[in-house]
Amino acid sequence: MTRVSVVPLRADEGLLREALTSLYSLFATTRDVLRRHGPDVAEPKRNGQYNFGYLAVAMLNFGIRPLLARWHPALEDWENQRPTDRSRRDHEQLWPQTDELRTALNDTRRILTAYADLLASACGVPNLLQAVPTSD
């Protein structure tokens, strides 16, 4: 998972473009894993349990693709209007849809967290997102 899926993006940090790019990179990473490990990661499991391949593709198609399909071109249109004397960060913060995209990113983070739990279970490993230390 990327930082976007683990840690909410606060209004005063990061670029929305970087968050979308990070999520988009999961498509290539997942394709690479599926290609490298072949059909073993996609074989059905007993008792109707999900396998890695099924969950990974579902995560991409139902968890990430809807967000990217809507917001990637919308943000790109806004970015193309940036004056040369304005920084990327300053221009992005002036976008009227910034808060709406940040909310959508947070919603997607919750979806990806649920998929991380399912993926950990399907792979028989502990969910590393639950191992994040809490502050005392």
Quiz item: Taking the range 52-136 as the region of interest, what is the percent of Cα-Cα pairs per 10 angstrom bin, listed from the shortest bin to the one with the maximum distance?
Solution: 15, 34, 26, 20, 6, 0
Exercise. Taking only protein heavy atoms into account and a 1.4 Å probe, give the accessible area per residue of the range 51-136 in Å².
Key: 62 Å²
Quiz item: Sorted by average packing, counted as other Cβ atoms within 10 angstrom per residue and highest first, what order do 68-74, 81-87 take?
Solution: 68-74, 81-87
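Of the peptides 17-23, 33-39, how do they stack up when ordered by the mean number of other Cβ atoms within 10 Å, highest first?
Taking the mean over residues of other Cβ atoms within 10 Å, the ranking is 17-23, 33-39.
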Exercise. Report the label-to-label distance for Ala104 and Val57 in nanometres (one decimal), using points 7 Å from each Cα along the Cα→Cβ vector.
Key: 2.6 nm
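The values are calculated or read from the model by the stated rules, or taken from the named source; none is laboratory data. All values reported here derive from a predicted model rather than from experimental measurement. Here Cβ is always computed from backbone atoms with ideal geometry, including for glycine, and neighbour counts include all displayed protein chains. Just the protein is used for accessible areas: all its heavy atoms, side chains included, with ligands, DNA and RNA removed. Shrake-Rupley method; radii C 1.70, N 1.55, O 1.52, S 1.80 Å.
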